[in-house]
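Following: one structure in C-alpha cells, then a few remarks.
The values are calculated or read from the model by the stated rules, or taken from the named source; none is laboratory data. In this text the structure is predicted, and so the values were computed from the model without any measurement. Every residue, glycine as well, gets a Cβ built from its backbone with ideal geometry; the counts of neighbours run over all protein chains shown. For the accessible areas, the whole protein counts, side chains as well, though only heavy atoms, and no ligand, DNA or RNA atoms are used. Shrake-Rupley method; radii C 1.70, N 1.55, O 1.52, S 1.80 Å.
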Amino acid sequence: MKYAIVTGAYGGMGKSAVDKFCSNGFTVFALDKKVESPKPNVIPILADVTNKESLDLAFEQIKKVTDNVFAVVHFAGVYALDSLVEMSEEEFDRVFKINLYGAFNVNKTFLPLLSKGSRIIMVTSELAPLDPLPFTGIYAVSKRALDAYAYSLKMELQLLGIFVSVIRAGAVKTDMLGVSTTALDKFCEKTELYKVNSKRFKKIVESVEAKCVSPEKIAKKTLKIANSKKPKFAYSLNRNKLLLLLNALPKSLQFKIIKTILK
C-alpha cells in the first residue's frame with residue numbers, strides 16, 4: 001500500500017486530489033486546519049503548516065501508521081491581492097508564512113518518512129516564473145519564492161533519490177476564485193493611491209479568471225506526476241497566453257504597456 005500526505009486537503013484542489021489518490025490505491029493523510037470525518041483510505045490530520053508543534057504532532061500520528069510515505073503533496077496556500085506600499089506588515093508576513101514557510105516546515109518535518117523514489121509535489125502558480133504584475137505582487141513574489149525553493153530542494157534531494165516537482169497552474173475553479181474576487185473588491189475600496197488604476201486592473205483580472213479549469217484536472221495532473229517513473233521538475237496547466245506574451249517582451253516595454261493600460 002502507498003501512502004501520501006496532502007496539505008490543504010479540504011480545500012477545492014486538495015479535496016479533489018485526496019479523492020483521486022484514494023481511488024487509485026493510495027491511503028491519504030489529509031492535513032488541514034479544519035478536517036472532516038474519516039473516510040475509507042483517508043486519515044484526517046488536524047495541522048497548521050505554519051506551526052511546528054502542530055506538524056510535530058501530525059508526524060507522530062502518521063508514524064504510528066507508517067514510516068514510509070511515497071508522496072507529499074502541497075495544496076495549502078493563500079491568495080492575496082494588495083498594493084505593496086499600502087498593505088500591512090502583518091499581511092505581508094502572513095502570505096509568506098503560509099505560501100513559503102509552510103512548504104518548508106512540512107518538507108522538513110516529514111522528510112524522515114521519505115525514502116528513495118518518493119515524491120514531493122508543490123503547486124506554485126503560472127505567475128511564479130513570470131515578472132510580477134502590479135497589485136498581485138505579494139502573491140506572485142511568494143509563489144516565485146516557493147518555485148525557487150522547490151528548484152533548490154530538487155537539487156539537494158536528487159542526491160537522496162527523492163523527486164521534487166511543481167505545478168505552475170493558472171486559474172482554477174475553486175473557492176479561491178471567490179477569495180480572489182473578494183480581495184480585489186476590498187482593494188478597490190480601500191486603496192488611496194490607485195483608485196482609477198485598481199478599477200481598470202479589476203476588469204483585466206475578471207477576464208483572466210473567467211478562463212479557469214476544474215480542480216479535478218489539477219488532481220489528475222498531480223496523480224500523473226506521482227505515478228511517473230521520472231517526474232520532471234515543472235508542469236504547466238492553464239497558463240494565460242497573454243501573460244506569457246507580455247513576459248516575453250523587453251522589461252521596458254512591459255512597464256510601458258502596463259502603465260498605458262492602467263493609467
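For the chain, what number results from the quotient of the Cα radius of gyration and 2.2 N^0.38 Å? The partial results should precede the final answer.
On the way: Rg = 18.8 Å, N = 263, 2.2 N^0.38 = 18.3 Å.
Normalised by 2.2 N^0.38 Å, the Cα Rg of the chain equals 1.03.
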**OP:** Report in % the part of the accessible area of the stretch 85-205 that belongs to carbon and sulfur, leaving out ligands and nucleic acids; probe 1.4 Å.
**Re:** 59
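Return one whole number: the accessible area per residue of the stretch 93-152 in Å², for a 1.4 Å probe. All intermediate terms of the calculation are to be shown ahead of the outcome.
Details: 2160 Å² over 60 residues.
Solvent-accessible surface per residue comes out at 36 Å².
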Original post:
When ranked by the protection proxy of mean other Cβ atoms within 10 Å per residue, highest first, what sequence do the peptides 237-243, 138-144, 155-161 form?
Top reply: 138-144, 237-243, 155-161
Original post:
Rounded, prolate or oblate: which fits the stretch 83-204 when a ≥ b ≥ c are the square roots of the eigenvalues of the alpha-carbon gyration tensor, with rounded for a/c under 1.5 and prolate only if a/b beats b/c?
Top reply: prolate
Subject >> Solvent exposure of the stretch 1-55 as accessible area per residue, Å², 1.4 Å probe >> reply: 48
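Which of the peptides 79-85, 97-103 is most tightly packed, and how do the rest follow, going by the mean number of other Cβ atoms within 10 Å of each residue?
Numbers: 79-85: 18.3, 97-103: 20.9.
Averaged packing, sorted descending, gives the order 97-103, 79-85.
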**OP:** Would you mind working out the magnitude of the charge dipole of the chain relative to its Cα centre, with +1 at each Lys and Arg C-beta and -1 at each Asp and Glu C-beta, to the nearest 20 Debye?
**Re:** 1200
Original post:
Over the chain, what is the percentage of antiparallel beta bridges among all DSSP beta bridges, to the nearest 5?
Top reply: 5
Subject >> Rg and Dmax of the stretch 19-134, Cα atoms only, in Å >> reply: 16.1, 48
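Just want to confirm a number: the relative contact order over the stretch 94-253, from Cα pairs under 8 angstrom separated by 6+ residues, in percent.
Working: 168 pairs, mean separation 44.4, N = 160.
Reported relative contact order: 28 percent.
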Original post:
Peptides 125-136, 33-44: what's the order by average Cβ count within 10 Å, highest mean first?
Top reply: 125-136, 33-44
Subject >> Length gained when the stretch LEU193-LYS39 is fully extended (0.36 nm per residue, less Cα-Cα span) >> reply: 50.5 nm
**OP:** Would you mind computing, in nm to one decimal, how far apart the modelled labels at PHE92 and LEU46 are, each placed 7 Å from Cα along Cα→Cβ?
**Re:** 3.4
